[in-house]
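These notes are about the structure you will find just below.
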Amino acid sequence: MDLRTETADDLRISVLSSGSTGNVCYIESPNEKIMIDAGLSGKKIEKLMGNINRSMEDVNALLVTHEHSDHRQAVGILARRYEQLNVFANQGTWDAMDSKIGKVDLAQKHLFAPDTVQTFGDIDVESFSVSHDAAEPQFYAVHYHGKTFVILTDTGYVSEHIEGVIANADAYLLECNHDVEMLRMGEYSWPLKQRILGDKGHLSNEEGADALMDVLGNRTKKIYLGHRSLHNNMQSLCHLTVASMMENRDFGVGHDFQLIDTNPEEATPLVAL
């Protein structure tokens, strides 16, 4: 494991919330503070920020991945409450969520096209398109001084193109949404089950593990298991499935890198990459 001492120049991350009920990520460098998605109430996000000793008043940019409620619920609320907050999304996402988030000042609304790079202070963020049943879904790779943090959830599969974009990052937040048998035996309607299992749905525990084994490299030290379904998965099952699959392929779980569980109600510690 990487035991180096943290310094003031580090990129720091906290997964404030990840799951089928809400998703929020906080990322900071010495000069910039950004958030990716705001899928909880404004009050909950403010509370979770306080739990890591940070404030929304210092966040400069909010990047939205797509218009589903568990990713954009508080976008409008936060924009109206914090005038310094600039909101970024691609055109399809803006068109799909505009009527759902209430009024946002035009000066705070910005475009972030798919498969492009934008700079926020000393942080570069790369967007990439994914396969999901939203208007124009995209996720992000955050780059800072040779360090990369990748967020990838809400996709039915991981293409070779995406694998090339996100390979060998220092940290990943990657989707492990459901256990296939729990989903098949559960109470969801058959059309909803088909949607989740389809190419525009969500990655299962096994699919998440497969994707990770295709992309992680010698730089990778932290893997956050994200977007877990409350109805079709369990934290222990998710962790055990991913760890077992990776160990069976001789990946150094717990030695070369950490597998970190996430929670929709509890922020992970703010840590340096």
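Close amide H pairs (under 5 Å, H built 1.01 Å from N) link residue 224 with 172, 173, 174, 260, residues at least 5 positions away or on another chain. A quarter of the convex hull surface defined by the alpha-carbon atoms of the stretch 79-175 gives 6.9 nm² as the mean projection.
Placing +1 on the Cβ of every Lys and Arg and -1 on the Cβ of every Asp and Glu, with no other charges, gives the chain a dipole of roughly 760 debye about its Cα centre. When each of the peptides 83-92, 174-183, 241-250 is scored by how many other beta carbons lie within 10 Å of its residues on average, the order from highest to lowest is 174-183, 83-92, 241-250.
Restricting the trypsin sites (Lys or Arg not before Pro) of the stretch 1-82 to loop positions (DSSP other than H, G, I, E, B) with no more than 14 neighbouring Cβ atoms within 10 Å leaves 4. Residues 82, 157, ordered by accessible area of protein heavy atoms at a 1.4 angstrom probe radius and largest first, appear as 157, 82. In percent, rounded to a whole number, the relative contact order of the chain is 20, using alpha-carbon pairs under 8 Å and six or more apart. Converting phi to 3J(HN,Hα) with the Karplus coefficients 6.51, -1.76 and 1.60 and the offset θ = phi - 60°, the stretch 110-124 yields 9, 8, 9, 5, x, 6, 9, 10, 10, 9, 10, x, 9, 10, 9 Hz in sequence order, with x at every glycine or proline. Rounded to the nearest whole Hz, the Karplus-based 3J(HN,Hα) values (6.51 cos²θ - 1.76 cosθ + 1.60, θ = phi - 60°) of the stretch 130-142 follow the sequence 10, 9, 8, 7, 10, 4, 7, x, 8, 10, 9, 10, 9, with x at glycine and proline.
Positive-end ranking of 15, 48, 229 along the dipole of the chain, with charges on Cβ about the Cα centre, is headed by 48. Close amide H pairs (under 5 Å, H built 1.01 Å from N) link residue 112 with 89, 90, 91, residues at least 5 positions away or on another chain. The phi-based Karplus calculation (6.51 cos²θ - 1.76 cosθ + 1.60; θ = phi - 60°) puts the 3J(HN,Hα) values of the stretch 249-264 at 9, 6, 7, x, 4, x, 10, 7, 7, 9, 9, 10, 6, 10, 8, x Hz, whole numbers, x for Gly and Pro.
Rounded to whole Å, the principal axis extents of the Cα atoms in the stretch 1-119 read 47, 31, 27, largest first.
Looking at the square roots a ≥ b ≥ c of the eigenvalues of the Cα gyration tensor of the stretch 37-107, which shape do they give, rounded for a/c under 1.5, prolate if a/b is larger than b/c, or oblate? Please list the in-between numbers first.
Working: a/c = 1.98, a/b = 1.53, b/c = 1.30.
It is prolate, given that a/c is not under 1.5 and a/b is the larger ratio.
Dipole orientation for the chain: of the candidates 38, 159, 198, 38 has the Cα lying most toward the positive pole (charges on Cβ; Lys, Arg +1; Asp, Glu -1).
Output the antiparallel fraction of DSSP beta bridges having both residues in the stretch 134-196, as a percent to the nearest 5. Numbers along the way, then the final one.
On the way: 5 of 9 bridges.
Once the DSSP bridges in the stretch 134-196 are tallied, antiparallel ones form about 55 percent.
Dipole of the stretch 1-141, Cα-centred, from +1 at each Lys and Arg C-beta and -1 at each Asp and Glu C-beta, to the nearest 20 debye?
Numbers: 13 positive and 22 negative charges, 140 e Å.
Taking the Cα centre of the stretch 1-141 as origin, the dipole is about 680 debye.
Based on DSSP H runs of at least 4 residues, each adding -39500 (n - 2.57), what is the mean residue ellipticity at 222 nm of the chain after dividing by all its residues, to the nearest 500 deg cm²/dmol? Don't skip to the answer; put the middle values down first.
Numbers: 9 runs with 74 residues, N = 273.
Per the formula, -7500 deg cm²/dmol.
Centre-to-centre separation between the Cα atoms of the stretch 200-234 and those of the stretch 136-154: 14 Å.
Dividing the radius of gyration of the alpha carbons in the chain by their Kirkwood radius gives 0.94 for Rg/Rh. Secondary structure note: in the chain, about 50% of the DSSP beta bridges are antiparallel.
The values are calculated or read from the model by the stated rules, or taken from the named source; none is laboratory data. What you see is a predicted model, and the numbers here were worked out from it, not measured in a lab. As a convention, Cβ positions derive from the backbone with ideal geometry for all residues, glycine included, and neighbour counts pool all protein chains shown. Each accessible area value is taken on the protein alone, full model and side chains, heavy atoms only, with ligands, DNA and RNA left out. Shrake-Rupley method; radii C 1.70, N 1.55, O 1.52, S 1.80 Å.
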